[in-house]
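Below is one structure, written out as structure tokens; comments come after it.
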Amino acid sequence: MKKFKQPLLGEMIKQRWAYYFLLPGLLLLTIFNVYPVVETVLLSFTNYTLNTKEFVGLANFIKLFSDQKFIQAYGNCFKYVLFLVPAIVVFSLLIANVLVRSKPWIQSTFRGAFYLPTVVGGVVIAAVWIWIFHPLNGLFNYVVKYFGGEAITWLADVRYAMPAVCLVVLTWTLGTPIIIFMAGMLGISPELYESATIDGATRTQLFFHITIPVLRPVIVFILTMEIINVFQLWEVVYLLTNGGPSYSTMSIGFLIYNTAFVSGKYGLAAAQGVILTLTILLFSWLSLKASKEV
Amino acid sequence: MQKKKGASSGTKRAERISTSVQYVLIVLAALFFLMPLYFMLIGSFREMIGAMATPELIPQHPTLKNYIDLFTSSFPVGKWMFSSIFISTVTTFFAVIISCMMGYVFAKKSFPGKKWIFVLVIATMMLPKQASLIPLFLTVKKLGLVNSYWGVILPMISWPYGIFMMRQFMQEVPNELIEYAQVEGAGEIRIFTRVVMPLVKPSIATLAIIMFLQSWGDFMWQLIILKRQEMWTMNVGLSVLIRNASGGASIINYGLAMAGGCIAALPIVLLFVVFQKYFIKGVTLGAVKG
């Protein structure tokens with residue numbers, strides 16, 4: 001024991017500067033990132049509100065599994081993920097694939113155009129989409145009526161509210177994956193394509209047999225990041241539909257905010273947070289695992 | 001290629017047509033992406049209350065009324081702008097220092113426990129914000145930092161992605177330079193500030209830009225912490241303008257919300273236009289090199 005400990009301690013003292021450099025950052029990380037996660041798990045077993053804090057075991061979780069609002073929000077998040085994540089990955093791959101073959105000035109112009117909504121952010125984007133969806137004077141219904149259609153209450157109709165939110169999220173989040181895919185594609189050696197072209201491969205074949213396989217680690221990265229992001233979807237829902245109509249667009253992220261900061265039920269909100277975190281970890285793990293087996 | 005010239009001319013023509021179709025689609029997609037921003041810009045120069053809020057491609061009666069209203073209303077828009085700029089600048093400043101220090105150590109030092117500490121840092125990157133939201137709020141409240149800029153800034157300073165990013169950049173610093181400085185008798189702090197930091201200057205710019213964007217775009221945390229109207233950031237203030245426009249408010253004023261949107265977007269768009277290179281570098285780093 002001693003023989004092992006001595007050199008370890010000696011090494012630690014010798015490298016003490018490494019620890020000094022880490023200390024401020026680790027301290028902040030512990031207070032503001034690590035401790036809150038642990039505390040969330042502990043809180044999820046209590047009925048913590050503004051005036052009580054008692055251990056209640058699994059009561060919060062049991063309550064949630066019979067809570068219609070929570071079940072609906074949870075289901076909505078799966079809908080968001082199932083619709084948005086594939087759409088984001090496919091669209092950004094296709095757009096990047098065309099742009100990457102273009103002249104540099106075309107590349108940078110379009111990259112800028114697609115990234116601009118991401119730069120200005122979800123709140124700014126919502127400021128104009130709220131008008132675009134306006135039932136009487138909005139842009140979408142103007143177009144619909146121009147072609148002889150009936151005005152649609154985009155954000156107040158259960159059938160259209162979620163697709164409408166998804167559309168906004170799509171225009172707001174495509175920028176980052178496009179840039180990352182373009183960088184990945186530019187890194188693929190041109191010789192790979194040249195030799196395949198000599199063998200008579202078409203553009204489509206090049207895309208599916210060279211681009212996609214080579215980019216697989218990057219695609220998995222984007223897939224995982226987007227799953228994490230979409231499960232946390234919040235501000236666009238908060239600003240455009242407030243979760244309605246009749247909870248059809250409510251996301252877990254928004255529900256947690258409401259439970260904690262509108263209703264003041266911290267314990268219950270913590271339990272919702274735990275379920276969301278476990279779901280995200282499970283899905284990230286699944287997408288990693290699936291990508292290794294394919 | 002020469003061999004198949006005759007045989008593949010048909011497919012080549014098909015490819016050329018499909019390429020043009022692809023470009024048309026890309027242009028349409030880009031227009032669709034920019035369309036909301038365009039309508040926000042022109043809408044901010046129009047009166048868009050009630051029946052006046054119909055779409056116009058070019059404003060028929062351009063006016064500065066929305067902007068004048070915003071700055072003379074009871075909303076302290078100037079203070080919101082100050083909050084946003086102050087919070088983002090201070091957060092970025094400290095985040096860059098912390099990320100450089102930690103990134104340097106993870107890239108260039110070997111010490112007991114390094115692997116585990118690094119795994120811990122990366123693991124926090126995977127957890128959703130909502131997982132730590134409530135205790136984080138209670139902690140900040142205990143520290144007396146609700147309604148304080150520091151309540152927004154402190155939790156954002158130690159940013160795992162930034163630490164990871166700086167570690168990647170720091171790996172490119174040649175070991176020989178550090179060793180040479182050590183032989184010359186320079187202390188650790190001197191090596192870090194005089195040798196390492198100057199070598200990663202462009203990377204620091206990249207990190208700073210991405211951190212600034214991150215901090216500027218934050219919304220939920222600011223909404224929770226900043227309760228007093230004069231402390232709100234642009235995002236929080238704008239969200240109130242939007243929700244007034246959509247919710248039960250008697251006067252639905254889209255032009256005002258759009259003018260707010262334009263003001264909120266202006267600083268970050270300027271930054272993007274000037275430093276596009278750094279934005280792109282910051283976005284691609286994690287995925288392509290990691």
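The values are calculated or read from the model by the stated rules, or taken from the named source; none is laboratory data. As the structure is a prediction and not an experimental result, all values here were calculated from the model. Here the Cβ is made from the backbone with ideal geometry for all residues, glycine too, and neighbour counts use every protein chain on show.
Here are a few things to note about the model shown:
- Enumeration of residues in the range B:19-60 that are in a helix (DSSP H, G or I), over 25 Å from the mean Cα position of the chain (by Cα) and more than 9 Å from every other protein chain (Cβ to nearest Cβ): B:20, B:21, B:24, B:28
- The one condition in (1) within 20 Å of residue B:223 (Cβ to Cβ); (2) not in a loop (DSSP other than H, G, I, E, B) that residue B:147 fails to fulfil: (2)
- Meets criteria (touching a Cys at 6+ places or on another chain (Cβ under 9 Å) and within 13 Å of chain B (Cβ to nearest Cβ)) for residue A:113: no
- Contacts under 7 angstrom Cβ, first residue in the range B:221-235 being in the same structural domain as residue B:81 (by TED's automatic domain parsing), partner part of a helix (DSSP H, G or I) and of a type in the set (Phe, Trp, Tyr), 6 or more apart: B:224/A:261; B:224/B:137; B:232/B:80; B:233/B:80; B:234/B:80
- Flag for residue A:141 being crowded, with 16+ Cβ neighbours inside 10 Å, out of contact with any Leu (no Cβ under 9 Å at 6 or more places or on another chain) and within 7 Å of chain B (Cβ to nearest Cβ): no
- Number of positions in the range B:251-277 that are surrounded by 22 or more Cβ atoms within 10 Å (Cβ to Cβ) and closer than 30 Å to residue B:203 by Cβ: 2
- Unmet requirement for residue A:61, which otherwise passes all of (1) in the same structural domain as residue A:165 (by TED's automatic domain parsing); (2) surrounded by fewer than 17 Cβ atoms within 10 Å (Cβ to Cβ); (3) of a type in the set (Phe, Trp, Tyr): (1)
- Selected residue (criterion: surrounded by the most Cβ atoms within 10 Å (Cβ to Cβ)) from residues of the range B:146-182 that are away from every other protein chain (no Cβ under 11 Å) and under 21 Å from residue B:232 (Cα atoms): B:152
- Checked against (1) of a type in the set (Gly, Ala, Ser); (2) exposed (fewer than 15 other Cβ atoms within 10 Å of the Cβ); (3) more than 8 Å from chain B (Cβ to nearest Cβ), residue A:196 passes all but condition (2).
- Near pairs, Cβ below 7 angstrom, 6+ apart or cross-chain, from the range A:209-223 (surrounded by fewer than 17 Cβ atoms within 10 Å (Cβ to Cβ)) to any residue that is assigned to a helix (DSSP H, G or I): A:216/A:291
- The number of residues in the range B:96-140 being in a loop (DSSP other than H, G, I, E, B), under 28 Å from residue B:182 (Cα atoms) and within 7 Å of another protein chain (Cβ to nearest Cβ) comes to 3.
- Taken as a whole, the structure leaves residue B:173 outside the set of residues that are β-branched (Val, Ile, Thr) and not in a loop (DSSP other than H, G, I, E, B).
- Just one residue in the set A:202, A:211, A:259 is over 30 Å from residue A:59 (Cβ atoms), within 11 Å of chain B (Cβ to nearest Cβ) and of a type outside the set (A, V, I, L, M); that residue is A:202.
- Here residue A:275 clears all of (1) touching a Pro at 6+ places or on another chain (Cβ under 8 Å); (2) under 28 Å from residue A:58 (Cα atoms) except the condition numbered (1).
- Test: residue in the range A:216-228 that is at pLDDT 85 or above and over 22 Å from the mean Cα position of the chain (by Cα): no
- In the range A:146-256, counting only helices (runs of 4 or more DSSP H) that sit wholly within it, the ones holding 1 or more residues that are of a type in the set (Val, Ile, Thr) and closer than 26 Å to residue A:120 by Cβ span A:158-173, A:175-186, A:212-231, A:235-240.
Matching residues to (1) within 7 Å of another protein chain (Cβ to nearest Cβ); (2) without any contact (Cβ under 8 Å) to a residue 60 or more places away in the chain:
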| residue | (1), (2) |
| --- | --- |
| A:84 | no, no |
| A:87 | no, no |
| A:91 | no, no |
| A:94 | no, yes |
| A:98 | yes, yes |
| A:105 | no, yes |
| A:123 | yes, no |
| A:128 | yes, yes |
| A:135 | no, yes |
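- Residue A:85 being surrounded by fewer than 20 Cβ atoms within 10 Å (Cβ to Cβ), outside any loop (DSSP other than H, G, I, E, B) and β-branched (Val, Ile, Thr): no
- Exactly one residue out of A:42, A:23, A:27, A:8 is more than 30 Å from residue A:165 (Cβ to Cβ), more than 25 Å from the chain's Cα centre (by Cα), at pLDDT below 90 and surrounded by fewer than 20 Cβ atoms within 10 Å (Cβ to Cβ), and it is A:8.
- The test for being hydrophobic (A, V, I, L, M, F, W, C) and closer than 15 Å to residue A:175 by Cα does not hold for residue A:140.
- Taking the listed residues B:93, B:111, the one that is modelled with pLDDT of 95 or more and either outside the structural domain of residue B:150 (by TED's automatic domain parsing) or surrounded by fewer than 20 Cβ atoms within 10 Å (Cβ to Cβ) (or both) is B:93, with no other qualifying.
- In this structure, residue B:203 qualifies as buried (at least 20 other Cβ atoms within 10 Å of the Cβ) and modelled with pLDDT under 90.
- Residues located in the range B:67-102, provided they are more than 16 Å from residue B:256 (Cβ to Cβ) and charged (D, E, K, R): B:79
- Residues of the range B:1-55 classified as among the acidic types (Asp, Glu) and either modelled with pLDDT under 80 or touching a Phe, Trp or Tyr at 6+ places or on another chain (Cβ under 6 Å) (or both), total: 1
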